[in-house]
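Here's the structure we're looking at; comments come further down.
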Amino acid sequence: MQQGCRSAAFGCLECKQPLIQSILANRRPCGRRAQRYLDDPTLVKNIIADGCEKARALAAETMREVREAMV
């Protein structure tokens, strides 16, 4: 591969094609997992809303503890 690339025996695309195929093959499982979120934006919004609510509750408790400690 190196010799063919350095001697211009084949073009850049021929040299890079195996790498491109490998990257695409490794990305496929990720793409399949992501598809459900792409298909249902409401699911993403609900996940974010749930996370915000949990963070808000935790922050409120932390602030309560801070206020108690300062008294």
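The values are calculated or read from the model by the stated rules, or taken from the named source; none is laboratory data. Please read these numbers as outputs of a predicted model, since none were measured by experiment. Neighbour counts run over all protein chains shown; Cβ positions are idealised from the backbone, glycine included.
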Pairs needed: first member in the stretch 31-54, charged (D, E, K, R); second member anywhere, modelled with pLDDT of 95 or more; C-beta distance under 8 Å; at least 6 residues apart or different chains. ARG36/LEU43
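This table checks each residue for (1) modelled with pLDDT under 95; (2) assigned to a helix (DSSP H, G or I).
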residue: CYS5; (1), (2): yes, yes
residue: ALA9; (1), (2): yes, no
residue: ARG32; (1), (2): yes, yes
residue: ALA57; (1), (2): no, yes
